[in-house]
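**Student:** Here it is, the structure, as structure tokens.
The values are calculated or read from the model by the stated rules, or taken from the named source; none is laboratory data. Values in this document were obtained by computation on a predicted structure and should not be read as measured data. FYI the Cβ positions are ideal-geometry reconstructions off the backbone, even for glycines, and counts take in every protein chain you see. Just the protein is used for accessible areas: all its heavy atoms, side chains included, with ligands, DNA and RNA removed. Shrake-Rupley method; radii C 1.70, N 1.55, O 1.52, S 1.80 Å.
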Amino acid sequence: MLYFTLASKAYARNLQYRGAHMVHNLASAMFGFMYACIWIGLGRDHPLGEYGTQGMVGYIAFTQAALWITSFISNGLGIPQAVRTGQISLDLMRPVHLFSHMAARECGQIAYQLLYKSIPIYLLYFFVFSLQTPQHGITYLHTAAGLAGAAYLSICLNYLIGVSALWTTESSWLYWGNHALINLLAGFFIPLEWLPGPLESLAWMSPYPYLLYVPTTVYLGYGNAFWLWGTLFWCALLTVLCLLATKVVRRKVEVQGG
């Protein structure tokens, strides 16, 4: 009940800014249009592999919409700001685990962004580009599982970035570094199989393909639902790392500037 309350409060807080967030949607949609137009232009002279031009447009549309629940979440789950203000000391005193507390709050944020950003953006692309939808109901279930796992992976990654603020005042560099790796290794703009061999291998040794590439290709019918086991593996591993990091954090509480 506590975690549901934390999530619902975060969701309700975002509802107050629906109008302002529509500007974000328009900007995000415009970037997606530009990326799609690039692939449409390339598709005139190149076959674009098994995807084809329409497949790549669908790929870009899905990844652009999914960014709002797998990438564009709170910087460090708000922990760096809590460290600067001293709120982190109170958060650690609460009778609830810091990781589950921050994760539940971020789940409300992600739920809002799914309903008011990801879905509207994808629906816009769906009608503008006449996108195809999966023919089998099980594909929607696999996609939903992939996106849920991707959102949780993003929460874990940002939590680890957030707790690093107790050791450095430059944790924002880790946040933007994470964004750069998502653009490179998660298959945001280019499918992973089109990357150079060593870079593709490096990507699959990290959790990044499970943020965008796996749910996108599963939805479009180019991927394998078996990859979701990789999502589960990384969710379990990062959860353990987050719990261990929290254990260390409880022994090192540092307030910046105070």
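**Student:** Any idea how many residues of segment 56-95 are free of Cβ contacts under 8 Å to residues at least 24 places away in the same chain, aliphatic (A, V, I, L, M) and not in a helix (DSSP H, G or I)?
**Tutor:** 0
**Student:** What are the pairs with Cβ atoms under 6 angstrom where one residue, in segment 175-202, is within 17 Å of Gly49 (Cα to Cα) and charged (D, E, K, R) and the other, located anywhere, is open to solvent by less than 50 Å² (accessible area, probe 1.4 Å) and part of a helix (DSSP H, G or I)? Sequence gap at least six, or different chains.
**Tutor:** Hits for this filter: Glu200/Leu192.
**Student:** OK, next. Among Gly187, Gly223, which is the only one that is in a loop (DSSP other than H, G, I, E, B) and under 17 Å from Ala148 (Cβ atoms)? Steps first, answer last, please.
**Tutor:** Working: Gly187 fails: under 17 Å from Ala148 (Cβ atoms).
After applying the criteria, what remains is Gly223.
**Student:** While we're on this one: Among the helices (runs of 4 or more DSSP H) confined wholly to segment 96-183, which include 1 or more residues that are charged (D, E, K, R) and surrounded by 22 or more Cβ atoms within 10 Å (Cβ to Cβ)?
**Tutor:** Details: elements: 98-113, 119-129, 137-163.
Correct list: 98-113.
**Student:** Scan segment 209-231 for residues that are of a type in the set (A, V, I, L, M) and either loosely packed, with under 13 Cβ neighbours inside 10 Å or under 20 Å from Gly76 (Cβ atoms) (or both) and report the count.
**Tutor:** Going through segment 209-231, the residues of a type in the set (A, V, I, L, M) turn out to be 211-212, 214, 218, 220, 225, 228.
Still in the list and also either loosely packed, with under 13 Cβ neighbours inside 10 Å or under 20 Å from Gly76 (Cβ atoms) (or both): 211.
The qualifying residues number 1.
**Student:** Would you mention how many residues in segment 27-55 are surrounded by 12 or more Cβ atoms within 10 Å (Cβ to Cβ) and assigned to a helix (DSSP H, G or I)?
**Tutor:** Initially, segment 27-55 is screened for residues surrounded by 12 or more Cβ atoms within 10 Å (Cβ to Cβ), giving 28-29, 31-33, 35-40, 42-43, 48-49, 51-55.
The next check asks that each one be assigned to a helix (DSSP H, G or I); those that pass are 28-29, 31-33, 35-40, 42-43, 52-55.
Residues in segment 27-55 being surrounded by 12 or more Cβ atoms within 10 Å (Cβ to Cβ) and assigned to a helix (DSSP H, G or I): 17 in total.
**Student:** Would you mind telling me which numbered condition in (1) closer than 21 Å to Cys235 by Cβ; (2) among the acidic types (Asp, Glu); (3) touching a His at 6+ places or on another chain (Cβ under 8 Å) Glu106 fails?
**Tutor:** Against the list (1) closer than 21 Å to Cys235 by Cβ; (2) among the acidic types (Asp, Glu); (3) touching a His at 6+ places or on another chain (Cβ under 8 Å), Glu106 comes up short only on (3).
**Student:** Run Leu115 past the list (1) in contact (Cβ under 8 Å) with a residue 24 or more places away in the chain; (2) more than 18 Å from Trp167 (Cα to Cα); (3) hydrophobic (A, V, I, L, M, F, W, C) and report the number of the one that doesn't hold.
**Tutor:** (1)
**Student:** For segment 31-56, how many residues are farther than 21 Å from Pro134 by Cα and among the hydroxyl-bearing types (Ser, Thr, Tyr)?
**Tutor:** Summing the residues that are farther than 21 Å from Pro134 by Cα and among the hydroxyl-bearing types (Ser, Thr, Tyr) in segment 31-56 gives 1.
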